[in-house]
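K.L.:
Can you keep this structure in mind? I'll have questions shortly.
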């Protein structure tokens, strides 16, 4: 019932190589738990367009939208109504694991679905205004330690969101109580940028792909990337937090899940399809176009990642007093 | 000043597709404005979901909605003049002198003069918007959470003191809007509020649901209730071309009306009805030496018409630069931007020049189109007035339900829309205006989030709300608009009290 089908704009002529190792079902669908244009939409389109371009599916995969509770409505819909539908994949991200850890997806936990795989990632960044006196993470953390009340930290989400978690990590590394951070909940990365420029906040939390262009344009300064290794492209000169002596990552993976009652055979055939997809040149191109960094974890490995994330976030949330 | 955004905008607005969309918007807008029951908010509320579902890009949707908005301000005058029933809220004052003119057999002239002054008001308003908006958007960087919060206080102060004759009902409407805005995910703490464990309520009450319920459904119910329409339509007879002398006589009134309209439009929270009322009374004070106002004076017709069209442009200034609506209609358009995942605010000019520029350019083009359409085609538009309710009411209901379902695809949304519609109908019967509810709803979220963010920055210290120059100026302005009407009415009573003594 609650399904709004907007046909994905798909190019190319389908079905040229019909029967060429078609592991995925004949008819497929990707569910995005948000409005068109958001992160889940990007995730769905990555799968839909690259699967078609790599000729792993015959017919275009339509993207459907079901907004509500940052994916909560879609999660409940899949678990409750389409749990055994092998044709449906649903977009998810680190944010989904975070909400699951906080019990914000309703009565269901992370075991109610089958986690298929992640095809790309973005990473957390810590930014300051371009005229800020702080040039490294160390400068910032030292200054923060001295006068935590002078540092309003802004992010694109509420208390408990990914950006808030990044702020809490900074506070923790400065031996401060995360409960006492002066966190400003703004609406998205654009608002973080404006608030930094206006001097209303001193530190901003955000994501690498979005902030990279502002960093390049001189509108913000990225102090550290919360990734295990340096990111390629615009940010290759920006050191990671780890290089600066702070052991924290923030991986924003973009992945998919299947219904919890999908058979092992169907699950495995999706896993095989994704493995093939990840190796195709068409996929790399599609991923880059969407501003995502390489991050491919599929099948059982991905299930492990999600469970670990949920566990980690539960601890973080408890420490932060949520 | 850097006006490159405007040239980008013209190239967007002049693309064949957007030109057609603009034309359709203006045409529908004039019809919607002419219909006594439906105003620009209804038109926009009904067409927004359709445009969104058709997959129009954001800038095209904004061009369509802006066309409807400006078209409705033109169309409203038609029923005011011919029927003595205002076509929308902004055209109330137009009837005062427009209808007497029509009764004197000068309906054609009245329509042309009001059409011309609408055009002048509209164009001057857009020129103001073109130059004023980038200035304000530069200033907007200085707006932090504290300043935004005080700006909201100012908006509510203007609303309470200026709208209509029932400030208490206006404020109650605002409070209802504020309360509705608290449903859903709390943007600061991330907690769910008043959602009754219903995930669909997690994002709060959907804007489209609220707007269509409050405006379209309740309107349809009111129309069902009042089957017989009272007034009789005056036929357009006599000369259709205005006398040159009349046009010249109106120049001052039109220019003053345009300036007043633009300024009132820029003030957050006030709309066309306030602008036309202020300009009419101002004009009466300045020009009415022979007591001809209210008996068919062309100046009393030109001033409010210029004002309500200038308001439409002025209301875009705070919407595009601060993300704060200047009127009920721009509040709905703000909701439209959010539907497209576009966060309005100071960064909009820099990040989406094609959208802001395209919208402003389309207002220039739209006003020219509307002038061309409205002079010769006024006879066609006046036919709309004879449209029977048995076509109109089911049409509105169908469009409402299809619109809500196509954007949110949920039965709960439709049930909520109907429920809100019934409540809206009851409130309207009790004499409440719906626009303050919408403004309370939109401004309420901004106000709450910014207050809490401001206090988060200061660590709970309230003095942050009085620190910057911007905040202090806004506090003073808020106090002034809240107190001024009382002072004025007290003075008016004093004058009245002393007048008889002087006579005796």
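Quick note: the coordinates plus some simple rules give every number you see, no bench work behind them. A quick note: this is a predicted structure, and the numbers were derived from the prediction, not measured. Virtual Cβ from ideal backbone geometry, glycine too; neighbours counted across all protein chains shown.
K.L.:
How big is the Kirkwood radius of region A:21-74, worked out from every pair of different alpha carbons and given in Å to one decimal?
P.N.:
11.5 Å
K.L.:
What number, in nm² with one decimal, is the all-direction average of the projected area of the convex hull of the alpha-carbon atoms of region A:194-322?
P.N.:
One quarter of the hull surface, i.e. the mean projection, equals 10.8 nm².
K.L.:
Rounded, prolate or oblate: which one fits region B:353-464, using the alpha carbon gyration tensor with axes a ≥ b ≥ c (rounded when a/c is under 1.5, else prolate when a/b beats b/c, else oblate)?
P.N.:
oblate
K.L.:
To the nearest 0.05, what FRET efficiency results for residue B:338 and residue A:268 with a Förster distance of 30 Å applied to their C-beta separation? Each step should come with its number before you reach the end.
P.N.:
Values: r = 41 Å, r/R0 = 1.38.
Efficiency at R0 = 30 Å is approximately 0.15.
K.L.:
Additional query: What's the exposure ranking of B:475, A:270, going from fewest to most Cβ atoms within 10 Å? Could you put the intermediate results ahead of the total?
P.N.:
Working: B:475 16, A:270 25.
By the 10 Å Cβ count, ascending, the order reads B:475, A:270.
K.L.:
Report, as an integer, the average count of C-beta atoms from other chains found within 10 Å of each Cβ along A:180-192.
P.N.:
For this peptide, the per-residue mean of nearby foreign Cβ atoms is 6.
K.L.:
Give, in whole angstrom and from largest to smallest, the semi-axes √(5λ) of the equivalent ellipsoid of the protein assembly as shown, with λ running over the eigenvalues of the Cα gyration tensor.
P.N.:
Computed over the protein assembly as shown, the values are 51, 31, 23 Å.
K.L.:
Let me ask something else about it. At a 10 Å Cβ-Cβ cut-off, how would you order B:226, A:215, fewest neighbours first?
P.N.:
Numbers: B:226 10, A:215 20.
Listed from fewest to most nearby Cβ atoms, that is B:226, A:215.
K.L.:
Within a 10 angstrom radius of each residue's Cβ in B:400-409, how many Cβ atoms of other chains show up on average? Whole number is fine.
P.N.:
Taking the mean over all residues of the peptide, I get 2.
K.L.:
Tell me what chain B gives for mean residue ellipticity at 222 nm when only DSSP H runs of n ≥ 4 count, each as -39,500 (n - 2.57), the sum divided by the residue total, rounded to 500 deg cm²/dmol.
P.N.:
Taking each H run of at least 4 residues, the total per residue is -24000 deg cm²/dmol.
K.L.:
Nearest 10 degrees, 0 to 90: what angle lies between the long axis of helix A:300-319 and the longest principal axis of chain A (Cα atoms)?
P.N.:
The angle comes out at about 30 degrees.
K.L.:
Measure nothing fancy, just the Cα-based angle from helix A:137-146's long axis to the longest principal axis of chain A, in degrees from 0 to 90, nearest 10.
P.N.:
50 degrees
K.L.:
By average Cβ neighbour count within 10 Å, what is the ranking of B:138-146, A:313-321 from highest down? Working shown, then result.
P.N.:
Details: B:138-146: 21.0, A:313-321: 15.2.
Ranking the peptides B:138-146, A:313-321 by packing returns B:138-146, A:313-321.
K.L.:
May I pose another question? Hey, how many Å between the Cα centroid of region B:328-385 and the Cα centroid of region B:398-461?
P.N.:
22 Å
K.L.:
For region A:181-245, compute Rh as the Kirkwood radius over C-alpha pairs and then the Stokes-Einstein diffusion coefficient at 4 °C and 1.567 mPa s; write the answer in µm²/s, rounded to an integer. It would help to have the intermediate numbers written out before the result.
P.N.:
Numbers: Rh = 12.5 Å.
My calculation gives 103 µm²/s for D.
K.L.:
What percent of all Cα-Cα pairs in region A:47-158 falls into each 5 Å bin, going from 0 up to the bin containing the maximum distance?
P.N.:
2, 8, 15, 16, 13, 11, 10, 9, 8, 6, 3, 1, 0
K.L.:
Shifting gears a bit: Where does chain A land at 222 nm, in deg cm²/dmol rounded to the nearest 500, when only DSSP H runs of n ≥ 4 count, each adding -39500 (n - 2.57), divided by all residues?
P.N.:
Using -39500 (n - 2.57) per qualifying helix, the result is -11500 deg cm²/dmol.
K.L.:
While we're here: Taking springs between alpha-carbon atoms closer than 10 angstrom, which of A:178, A:148, A:232 fluctuates most in the Gaussian network model of chain A?
P.N.:
Maximum among the listed residues: A:232.
K.L.:
Taking every pair of Cα atoms in region B:402-504, average 1/r, invert it to obtain the Kirkwood radius, and report Rg/Rh to two decimals.
P.N.:
In region B:402-504, Rg relative to Rh is 1.20.
K.L.:
For chain A, what log10 I(q)/I(0) values come out of the Debye formula at q = 0.06, 0.13, 0.14 1/Å, with one point per alpha carbon and no solvent?
P.N.:
-0.21, -0.94, -1.07
K.L.:
If you don't mind, another one. Cut-off is 10 Å between beta-carbons; in what order do B:113, A:169 appear when sorted fewest neighbours first?
P.N.:
Working: B:113 27, A:169 23.
Lowest to highest Cβ neighbour count: A:169, B:113.
K.L.:
Follow-up question, since we're still on this one. So for region A:174-219, Kirkwood radius off the Cα pairs, Stokes-Einstein at 25 °C and 0.890 mPa s: how many µm² s⁻¹? Kindly include the intermediate steps, with their values, before the conclusion.
P.N.:
Values: Rh = 11.8 Å.
Answer, rounded: 209 µm²/s.
K.L.:
Return P(r) of chain B (all Cα-Cα pairs; 10 Å bins starting at 0; whole %; ordered from short to long distances).
P.N.:
In order of increasing distance, the bins hold 4, 20, 30, 27, 14, 4, 1, 0 percent.
K.L.:
Relative to the longest principal axis of chain A, what angle (0 to 90°, nearest 10) does the C-alpha long axis of helix A:162-173 take?
P.N.:
Around 40 degrees separate the two axes.
K.L.:
Work out the mean other chain Cβ neighbour count within 10 Å for the residues of A:154-164 and drop it here as an integer.
P.N.:
3
K.L.:
Indicate the gyration tensor shape class of region A:123-235 (rounded, prolate or oblate), computed on the Cα atoms with a ≥ b ≥ c the square roots of the eigenvalues: a/c under 1.5 is rounded; otherwise a/b larger than b/c is prolate and the rest oblate.
P.N.:
Working: a/c = 1.38, a/b = 1.30, b/c = 1.06.
Verdict is rounded for region A:123-235.
K.L.:
Could you estimate the translational diffusion coefficient of region B:223-311 from the Stokes-Einstein equation, with Rh from the Kirkwood formula over C-alpha pairs, at 4 °C and 1.567 mPa s, in whole µm²/s?
P.N.:
So the translational diffusion coefficient is about 90 µm²/s.
K.L.:
Now, a different point. Answer rounded, prolate or oblate for region B:335-408, using the Cα gyration tensor with square roots of eigenvalues a ≥ b ≥ c: rounded when a/c is under 1.5, else prolate when a/b is larger than b/c, else oblate.
P.N.:
Details: a/c = 5.04, a/b = 1.31, b/c = 3.86.
Oblate.
K.L.:
Once all Cα-Cα distances of region B:29-109 are split into 10 Å bins that start at 0, what whole-number percent is in each one?
P.N.:
22, 40, 23, 11, 3
K.L.:
Moving on. Springs between alpha-carbon pairs under 10 angstrom, Gaussian network model over chain A: which of A:190, A:37, A:160 fluctuates most?
P.N.:
With Cα springs under 10 Å in chain A, the top fluctuation among A:190, A:37, A:160 is at A:37.
K.L.:
Taking the alpha carbon gyration tensor of region B:152-304, what are the square roots of 5 times its eigenvalues, largest first, to the nearest whole Å?
P.N.:
42, 22, 13
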